[in-house]
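First up is the structure itself, then whatever we jot down about it.
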Amino acid sequence: MKHIYGRYYVEKETAGRFQILREIPGGYASIGCYFSSALAAEEIADREHGERWVRERIEEAIHG
């Protein structure tokens, strides 16, 4: 599991598929499984950073 930013993490599952996790009190909760970093970023984008910034963090975590 790799940290994206804030309370969000990415976990690779299979080739091309990954899960986004959100840190919660006592552990982590999945916010969904994705094949696209753009779709995942839309789910967690905020006003401060925006969808593109979040997508780049996801891609960095997935691809190293």
Note on the stretch 33-44: residues surrounded by 13 or more Cβ atoms within 10 Å (Cβ to Cβ) and either over 14 Å from ARG57 (Cα atoms) or in contact with a His (Cβ under 7 Å, 6 or more places away or on another chain) (or both) are CYS33, TYR34
Flagged pairs (Cβ under 9 angstrom, 6 or more apart or on separate chains; first in the stretch 11-26, touching a residue at least 24 places away in the same chain (Cβ under 8 Å) and within 18 Å of VAL54 (Cβ to Cβ); second of a type in the set (Lys, Arg) and open to solvent by 70 Å² or more (accessible area, probe 1.4 Å)) are LYS12/LYS2; PHE18/LYS12
Scanning the stretch 10-21 residue by residue, the ones that are open to solvent by less than 40 Å² (accessible area, probe 1.4 Å) and of a type in the set (Val, Ile, Thr) total 2
Output for Cβ contacts, cut-off 6 Å, separation at least six or different chains, first residue free of Cβ contacts under 8 Å to residues at least 40 places away in the same chain and over 14 Å from LEU21 (Cβ atoms) in the stretch 38-64, second of a type in the set (Asp, Glu) and open to solvent by 100 Å² or more (accessible area, probe 1.4 Å), reads GLU51/GLU42
ILE24 passes all but one of the listed conditions (1) in contact with a helix residue (DSSP H, G or I) (Cβ under 6 Å, 6 or more places away or on another chain); (2) exposed (fewer than 13 other Cβ atoms within 10 Å of the Cβ); (3) hydrophobic (A, V, I, L, M, F, W, C); the exception is number (1)
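The values are calculated or read from the model by the stated rules, or taken from the named source; none is laboratory data. Since we're looking at a predicted model, the values are computed, not measured. Note: ideal-geometry Cβ built from the backbone for every residue, glycine included; neighbour counts use all protein chains shown. What goes into the accessible areas is simple: the full protein's heavy atoms, side chains included, and nothing from ligands, DNA or RNA. Shrake-Rupley method; radii C 1.70, N 1.55, O 1.52, S 1.80 Å.
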